[in-house]
Structures are given as C-alpha cells and as structure tokens.
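First the structure, in the form of structure tokens, and then the observations on it.
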Amino acid sequence: MRTAVSRYLRYLRVERNAADLTIKSYREDLTTLVDYLEASLGADPRIEGVTPLVLRSYLAALQEAAYARSSIARKLASLRSLFRFAQREGLVVANPAKPLRNPRRERKLPHFLTTAEVGRLLAAPRPGAPFGSRDRAILETIYSAGLRVSEVVGMNDGDLDWNEGLVRIRGKGRRERFAPIGSHAARALRSWLARRHLSEGEPQGASAPVFVNRFGTRLTTRSVARMLDKYIAETGLDARTSPHTLRHSFATHLLDAGADIRGVQELLGHKSLVTTQVYTHLSTVSLRQAYEKAHPRAR
C-alpha cells in the first residue's frame, strides 16, 4: 500500500507538476489512510485487498475521531484520486472508492472584518518600527488584491507592473492571474522596497523576493501569521482573525459595494463560481443585520 502511495505522489510531482503544498496535503491524507489500514488489516496491506467496506469503516473512524466534515471530504477526495490512479496503472481491478458518498458539507460563513476594522489593522504597523513598513505593505497588498498568504510571500520584483497597477500572482494549481494593486498598497510597497535589504544568497533583479525577513531571505507564510497575531493583539480585533480574513474581507466588501460576482471570482482566482458564492451568503447576512438594526418595523 505504501508503495502505491509513493508511486502516486511521484506521478503528481512528475507528470501532473502539482504544487508542493498539494503534494504535502495528499501525502498527509493518504498516510492517515495507510496507518488505518495497517492497524485494521495488518502490516503492509496490499492495495488490491482494500474493499468498499474497509473504506467505509475508515470514514466511520474519522467521524468517531471528531474530524470536521470538510476534512473527511478532503481525505475522501484524496483516496478516490489514489484508487483512480491505481486502477489506471493496473494495481487494482475495480475502484473500491467509487461507491462512497461525500459527507454533507457544513456551511460555515467565513469570518471577515468591517471596513473600519480593516482600517485599524492596516494602521497598526508603525513606519518607524523595525519592519513596520514591510508589515504595512504585506497587509495592504493582501487586502488590496485579495491574495492568499502563499501568494503574497511568493511575489517577486518582476511580478509588479507599476505602470498598470497590477501584480502577477501564482495561485493554486500553478494558475497565474493578474491582480490590481490600489494606490494605498502601491505606496506601501514602494516605501518598503526602498528599505529592503536582500541577502547575498537571494536572487536579484526580477526574481528577487518582494518580502524578506531580517536575514534578507524570502518571508514564510508562518512568519506572516505570527506578524498578524501581534497586530491583532495590539488592536484588540477578533482573535479569529487570520491572514485569510483579509482575503474574506476583500471579497465581502466588493460584493457589498455592488461588484459582479464573476469579477470577484476572477480577482480571487477561484476555479469555480461555487467557491465564490459563499461570499454572497455572507453579504446577505450582513445586509439582514443592518436592516434589522436600522428599519423601524424590522422586528
């Protein structure tokens, strides 16, 4: 079984050119599956010995372990993909994952900040503090363009088009898109780049990372999360706020202001409109709350 998983991960890397984070997610999901199979079927189980009944028991074990439905659905998608590959490669005759059904997804509305709260957060980094200009530029850029954290730390100097006010983004699945950079973010970026110092080991020119740490090397997503936690504590904002909250806020504020949902889909880099539609529900909730608060006969 572990050999089959290794072959599949190699296929994702070599033939599908999957992103490192994608491969990491599949490896974690399939390792959980293999660990369960070894515990229930014995050491080194054979992939052809896995049946639909065994996989149903695995999903039941995940539920008993209090995994979220979204996590179970992701693990189910991973094992489905593995067994499709195994069937194609002749490792199994029939796909035991085919009869399995997805768990009903929980519909959780993403947490977002009001425009006033976003303003407080963006004003928190002090220009005179060490890396204050960098932190301000990161927060402004994420909110201005609706970026994922991995996208903002992956930005290079050559991705910035100052004339058009755009930045080239490499998103999920290595899909590229162009995102607009507003005037506030552009000013913050220019201020930071004037102070930035790259290490000797970092690429120069167009390949130089936009955001670096105190050693002059590319910033990590974890560092951005720690940086944001500091400013959340300083401003007293909701502790649920994460870097992704700014992306949620970006989409919500655009839709609240009347932006077209398909335009927001393009800006976010969503492959499917269904992913973007959660923000319409969120906007409806906020509108309802405003109505009940303001209308004299709402209640």
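The values are calculated or read from the model by the stated rules, or taken from the named source; none is laboratory data. All figures in this text were calculated on a predicted structure; none of them were measured in a lab. Because the Cβ atoms are built from the backbone with ideal geometry, glycine has one as well, and the counts that use them run over all protein chains shown.
Scanning the range 198-222 for residues that are hydroxyl-bearing (Ser, Thr, Tyr) and either without any contact (Cβ under 8 Å) to a residue 24 or more places away in the chain or touching a Phe, Trp or Tyr at 6+ places or on another chain (Cβ under 7 Å) (or both) yields Ser199, Thr217.
Return a yes/no flag: does the range 86-105 have any residue that is free of Cβ contacts under 8 Å to residues at least 12 places away in the same chain and of a type in the set (Gly, Ala, Ser). Looking through the range 86-105, at least one residue is free of Cβ contacts under 8 Å to residues at least 12 places away in the same chain and of a type in the set (Gly, Ala, Ser).
Looking for something surrounded by 12 or more Cβ atoms within 10 Å (Cβ to Cβ) and farther than 28 Å from Asp229 by Cα - is there at least one such residue anywhere in the range 103-114? Among the residues of the range 103-114, at least one is surrounded by 12 or more Cβ atoms within 10 Å (Cβ to Cβ) and farther than 28 Å from Asp229 by Cα, which makes the answer yes.
Is at least one residue of the range 182-197 assigned by TED's automatic domain parsing to the domain that holds Leu254, more than 20 Å from the chain's Cα centre (by Cα), part of a loop (DSSP other than H, G, I, E, B) and buried (at least 16 other Cβ atoms within 10 Å of the Cβ)?
yes
Restricting Leu30, Leu76, Leu55 to those that are buried (at least 18 other Cβ atoms within 10 Å of the Cβ), at pLDDT 90 or above and over 26 Å from Lys172 (Cβ atoms) reduces the list to Leu55. If you go through the range 11-63 and keep only what is part of a helix (DSSP H, G or I) and β-branched (Val, Ile, Thr), you end up with Val14, Thr22, Ile23, Thr31, Thr32, Val34, Ile47, Val54. Among the residues of the range 144-181, those identified as surrounded by fewer than 22 Cβ atoms within 10 Å (Cβ to Cβ) and in a helix (DSSP H, G or I) are Ser150, Val153, Asp157, Gly158, Asp159, Lys172, Gly173, Arg174.
Report, by residue number, each residue of the range 224-267 that is over 15 Å from the mean Cα position of the chain (by Cα) and within 20 Å of Lys172 (Cα to Cα).
Ile261, Arg262, Gly263, Val264, Glu266
Name every residue in the range 31-83 that is of a type in the set (Ser, Thr, Tyr) and either touching a Leu at 6+ places or on another chain (Cβ under 8 Å) or in contact (Cβ under 8 Å) with a residue 12 or more places away in the chain (or both), in order of residue number. Within the range 31-83, Thr31, Thr32, Tyr36, Ser40, Thr51, Ser57, Tyr58, Ser70, Ser71, Ser78, Ser81 qualify.
Residues are listed down the side, and each one gets a yes or a no for (1) farther than 18 Å from His253 by Cα; (2) touching a Lys or Arg at 6+ places or on another chain (Cβ under 6 Å); (3) free of Cβ contacts under 8 Å to residues at least 24 places away in the same chain:
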| position | (1), (2), (3) |
| --- | --- |
| Gly119 | no, no, yes |
| Ala129 | yes, no, yes |
| Tyr143 | no, no, no |
| Val149 | yes, no, no |
| Asn156 | yes, no, no |
| Leu160 | yes, no, no |
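Looking at Leu166, Leu147, Leu160, Leu121, just one residue is under 19 Å from Asp229 (Cα atoms) and in contact with a strand residue (DSSP E or B) (Cβ under 7 Å, 6 or more places away or on another chain), and that residue is Leu147.
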